[in-house]
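Structure, as C-alpha cells:
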Amino acid sequence: MAEEVKLLKTWSSPFGLRAFWILKLKGVQFDFIDEDLSNKSPLLLQSNPVYKKVPVLIHNGKPISESLVILEYVDETWKQNPLLPEDPYERARARFWAKFGEDKVLVSIWNAFIKQGKEQEEAIGLAIETLKFLEEELKGKRFFGGEKIGLADLALGWLANLIGVFEEVIGVKLIEKERFPLLSAWMQEFAEAPVIKESWPPHEKLVTKFRAIREPYVAAAAQPK
Amino acid sequence: MADEVILLDFWASMFGIRVRIALAEKGIKYEYKEQDLFNKSPLLLQMNPVHKKIPVLIHNGKSVCESSIIVQYIDEVWKDKAPLLPYDPYQRAQARFWADFIDKKMYDTSRKTWATKGEEQEAAKKEFIEVLKTLGGELGDKPFFGGDNFGYVDLCLIPYYCWFYSYETFGKFSVEAECPKFIAWVTRCLQRETVAKALPDEKKVFEFVSVLREKIRVE
C-alpha cells in the first residue's frame, strides 16, 4: 500500500519546521499544507481536536500532534538516519535536552522578547542563565546529538534563526559570541547543515511578523498605570 | 554485575510516584532516598544540577531526570517485563501525546484549586474538571488508557489521585460528582498492588497541603 504522509504546519512555525526537518532528513515522501491559523482548516480541527494547533502529521489517515511526539514517531517509523541513539541512557539525555529546550529555553527567550522595561531586564538575565546550560552541554560536541544532528538539535534548532529575528526586533543581543562560543558555533553549523539550510522561512518576513506580535505588549507597557 | 538503582524522591510528589509505580511494575530492587525539598542535599544538587528537582533515578551512578523521561528509560532498560509503552509506534505516539497533555494541564490547574482563592480558584476548578473530562473522553469505554492493560498514561495520571482529597476539600467540589467514569478508572488502578502501595495516604497529603497553604498564605 502506498504511504500517505501529510504535514499540517505554517510558513513560520518553528514547531512545524521540526517535523519538516525530520521528514526531509529521512528522505520521506510527504505533502505539506501551510495553514492559515486565523482560518483553520476542517482537516486541522478534525486531526487535532484537543489543541487545534500545528504541526499535525497525518500518516495513512492517522493524525499525530505535538512536534516532539511527531519527531519520535517519525524516528521509530522510518528507521534510516536515526535521530535517537540506541543506548537508553543516551536516549534519556537527548529527551532531557529536548524537554529543557521546550520548558526552559523557549519560555525564557519568549519572556525576554515580550516583556518591557525592568521585567525585560530580569527576563533577559534568566534567559542567559538558561542558555549557559546549553553552552555547557555542547562541550566536546559538534551537535547536541554528538557527531551528527539528533533529537535535541531538531528540538532546539529554532534558536539558529529565530534568535537573530528576536534580537533584531528587541534591539538586544541574547547570544553573544564571546559569552556563548559553543552555542554560536552550533547555531551556525546547524543553520548551514544540508536540508536545514534550504528550509528557513524568509528572515524579513519573520521580522515583520514578530514585530507585529510584540506590538500589543509594547503598547500595554506604555499605558499609564 | 548487580544493578545499583537509587531513587531520589519526595513522598508526596505525584511525579516521584510515577517512577515508584514503574519500578514496582518491573520488579526492580532500588534504594529510596527521601529528599528534603526545603534543604536540598548535595547528592540531589549534583545529580540534577539543571533543575535541582526530584525525582531523579540514579542507575549505576548515572542520573536520569524528569519523571516521564525516567519512566521511558525504565521501560527501555528493563524491557523484558511488564511493558509500559505500547509496541506499535502509532499507539506509542498517542501514549506520549496524552502523557504530555497530563504534564501540560494537570499540575498548574490542580495546584490552583488549593493555592488560590476567589475568582482565580473558581476558574481553576472549572478548568480542572474540563481537563478530567477531556481525559475521560480519551479513556472512553476502555478499562485503562492503555487499553486492556495498565500502561504509561495510566501511570502518569494516577499519582494525582492522592491529591484529589486536598483539591476537593480546599476547592469545595467533588470529582466523583462531576466525572464518575474517571473515578471508576481510579478504582481499577487502585486494584493493582503496585499502584496501591505507591500512593501515600490522601489525609497525609492533605496535612502537607495545609502546611503549604500556610507557607504561601492563601487565606
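The values are calculated or read from the model by the stated rules, or taken from the named source; none is laboratory data. Note that the structure is predicted; figures quoted are calculated from it, not measured. Here the Cβ positions follow ideal geometry from the backbone for every residue, glycine too, while neighbour counts run over all protein chains shown. Note: areas computed on protein heavy atoms with side chains; ligands, DNA, RNA excluded. Shrake-Rupley method; radii C 1.70, N 1.55, O 1.52, S 1.80 Å.
Taking residue B:69, is it surrounded by 15 or more Cβ atoms within 10 Å (Cβ to Cβ), under 23 Å from residue B:14 (Cβ atoms), modelled with pLDDT of 95 or more and at the interface with another protein chain (Cβ under 8 Å from one of its Cβ atoms)? Taking the combined requirement at face value, the residue satisfies it. A single entry from A:193, A:160 fulfils the requirement of being of a type in the set (A, V, I, L, M), touching a residue at least 24 places away in the same chain (Cβ under 8 Å) and part of a loop (DSSP other than H, G, I, E, B): A:193.
Select from region B:178-219 the residues that are among the charged types (D, E, K, R), open to solvent by less than 60 Å² (accessible area, probe 1.4 Å) and at pLDDT below 95 and list them in ascending order. It would help to see each step written out before you state the result.
The initial filter retains those residues of region B:178-219 that are among the charged types (D, E, K, R), namely B:178, B:181, B:188, B:192-193, B:197, B:201-204, B:207, B:213-215, B:217, B:219.
From what is left, the residues that are open to solvent by less than 60 Å² (accessible area, probe 1.4 Å) are B:202, B:213.
Correct list: B:213 only.
Within region B:13-50, restricting attention to residues that are touching a strand residue (DSSP E or B) at 6+ places or on another chain (Cβ under 8 Å) and basic (Lys, Arg), the residue that is farthest from residue B:108 (Cα to Cα) is B:29. Taking first residues from region B:193-207 that are farther than 19 Å from residue B:110 by Cβ and partners that are open to solvent by 50 Å² or more (accessible area, probe 1.4 Å), the Cβ contacts under 8 Å between residues at least 6 apart in sequence or on separate chains come to B:196/B:190. How many residues does region A:58-75 hold that are more than 9 Å from every other protein chain (Cβ to nearest Cβ), in a strand (DSSP E or B) and under 17 Å from the mean Cα position of the chain (by Cα)? The qualifying residues number 0.
With a requirement of 3 or more residues that are among the acidic types (Asp, Glu), the helices (runs of 4 or more DSSP H) lying completely within region B:120-217 that satisfy it span B:202-216.
Among the residues of region A:23-34, is any open to solvent by less than 20 Å² (accessible area, probe 1.4 Å) and either among the aromatic types (Phe, Trp, Tyr) or more than 19 Å from residue A:79 (Cβ to Cβ) (or both)? No: zero hits. Scanning region A:76-134 for residues that are of a type in the set (Val, Ile, Thr), open to solvent by less than 30 Å² (accessible area, probe 1.4 Å) and within 13 Å of another protein chain (Cβ to nearest Cβ) yields A:105, A:130.
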